[in-house]
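Engineer: Below you'll find the structure I mean.
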């Protein structure tokens, strides 16, 4: 059952990460949807540690790519090289051919290198020198970027942002949580000792279970109306695409399953809407001058769209 596996993964990660229940639930939501996550936060909040802890908990392969301006697409995807001994070309796989990939500081690489991720993220396959290779599943990209330091960065284009199921901010810990962090890491780092609590094969079975979570017609229509409202809002220049509607629908299913329900309620849609929609919106210059943010606009839209009620 999804909720049982979710509890095991969450508790295992929290042997390293203190608190952050909602962040972990959003991460598990993306995993169950075979989606990808953009972790946007300041340095030192645990983005890399969270990615490594998740990979260790899943028992999956893990690779980290440090994005820099001189990184080439072949450094991500891999390349074919000529083996003089065998007198033939051989493919040397890049770090993208792992089950959990951490794209660290993704906005520091050039757009050409960033685009090397697009096919893998959308189609879960990789084409190099005309040969297409499927990627091992589950396949999850966790990309990080610093929202404060913009010098020497290349903002992700809308097409790339739309490939991420969610954008999540970890945030600073509370005073009690920060004290607990210092105590936990006082003697040793618990991350290297973290054991797997599930297997990739079990996660693949959970995908089918998530798809069977029931979404009543009125709730499905609520998802569509929320997405369409972003396209008609006078402070938003570019609203949510049909891909975003599908992402919101699937994320609500996963959120419901994680919380021990086999059906979706409007509160599930509200819970995942901010992380699923905010990074897909382009707000108008006038709204930016007024200090409006995508988070505020999504909150307003979710509050304004009538919620379906039981007759």
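Bear in mind these aren't lab numbers, they're just calculated from the coordinates by the rules spelled out. If you're wondering where the values come from, they're calculated on a predicted model, not measured in any experiment. Cβ sites come from the backbone with ideal geometry, for glycine too, and all protein chains shown count toward neighbours.
Engineer: Give me the number: length gained by fully extending residue 199 to residue 14, i.e. 0.36 nm times residue separation minus the C-alpha to C-alpha distance, one decimal in nm.
Structural biologist: 64.8 nm
Engineer: Rounding to the nearest 10 and keeping the result within 0 to 90°, find how far the Cα-based axis of helix 266-277 lies from the longest principal axis of the chain.
Structural biologist: Helix 266-277 sits at roughly 50 degrees to that axis.
Engineer: Please determine, in degrees from 0 to 90 and to the nearest 10, the orientation of helix 2-13 with respect to the longest principal axis defined by the Cα atoms of the chain, where the helix direction is its Cα long axis.
Structural biologist: 60 degrees
Engineer: Rounded to the nearest whole Å³, what is the per residue volume of the convex hull around the Cα atoms of the stretch 1-53?
Structural biologist: 78 Å³
Engineer: Here is a follow-up. Kindly provide the helix-only [θ] at 222 nm of the chain, computed as the sum of -39,500 (n - 2.57) over DSSP H runs of four or more divided by all residues, to the nearest 500 deg cm²/dmol?
Structural biologist: The helix-only estimate for the chain comes to -13000 deg cm²/dmol at 222 nm.
Engineer: Could I ask something else about it? Given 0.36 nm per residue, what is the gain on full extension from residue 289 to residue 259 after removing their alpha carbon distance, in nm? The partial results should precede the final answer.
Structural biologist: Numbers: separation 30, 0.36 × 30 = 10.80 nm, distance 3.92 nm.
Gain in length upon complete extension: 6.9 nm.
Engineer: Here's something else I'd like to know. Arrange the peptides 279-285, 36-42 so that the one whose residues have, on average, the most other Cβ atoms within 10 Å appears first. Display every interim value, and only then the final one.
Structural biologist: Values: 279-285: 17.3, 36-42: 21.3.
By packing density, highest mean first, the sequence is 36-42, 279-285.
Engineer: Could you give the length gained by full extension between residue 174 and residue 42, i.e. 0.36 nm per residue of separation minus their alpha carbon distance, to one decimal place? Present the calculation step by step, with values, prior to reporting the outcome.
Structural biologist: On the way: separation 132, 0.36 × 132 = 47.52 nm, distance 1.57 nm.
Extra length available between residue 174 and residue 42 comes to 46.0 nm.
Engineer: So what is the relative contact order for the chain, in percent, with contacts set as C-alpha pairs under 8 Å and at least six apart?
Structural biologist: Values: 519 pairs, mean separation 70.1, N = 311.
Once normalised by length, the contact order is 23 percent.
Engineer: With a cut-off of 8 Å between alpha carbons and a minimum separation of six or more residues, what is the relative contact order of the stretch 169-311 in percent?
Structural biologist: 25 percent
Engineer: Once both labels are modelled 7 Å past Cα along the beta-carbon direction, what's the residue 216-residue 228 spacing in nm?
Structural biologist: 2.0 nm
Engineer: Right, next: As I understand it, the value is the acute angle between the Cα axis of helix 200-211 and the longest principal axis of the Cα atoms of the chain; what does it come to in degrees, rounded to 10?
Structural biologist: Computed tilt is about 30 degrees.
Engineer: For the ranges 196-205, 220-229, 172-181, 78-87, what's the packing order if you count other beta-carbon atoms within 10 Å of each residue, average per peptide, and put the highest first?
Structural biologist: Packing proxy ranking, top to bottom: 220-229, 196-205, 172-181, 78-87.
Engineer: Once Rh for the stretch 2-200 is found with the Kirkwood sum over Cα pairs, what is the Stokes-Einstein diffusion coefficient at 25 °C and 0.890 mPa s, in µm²/s? It would help to have the intermediate numbers written out before the result.
Structural biologist: Values: Rh = 17.9 Å.
Value of D from the Cα-based Kirkwood radius: 137 µm²/s.
Engineer: Let me ask another. Take every Cα pair under 8 Å in the stretch 1-101 that's 6+ residues apart, average their separations, divide by the length, and report that relative contact order as a whole percent. Let's see the in-between values first.
Structural biologist: Values: 79 pairs, mean separation 23.0, N = 101.
Across the stretch 1-101, relative contact order equals 23 percent.
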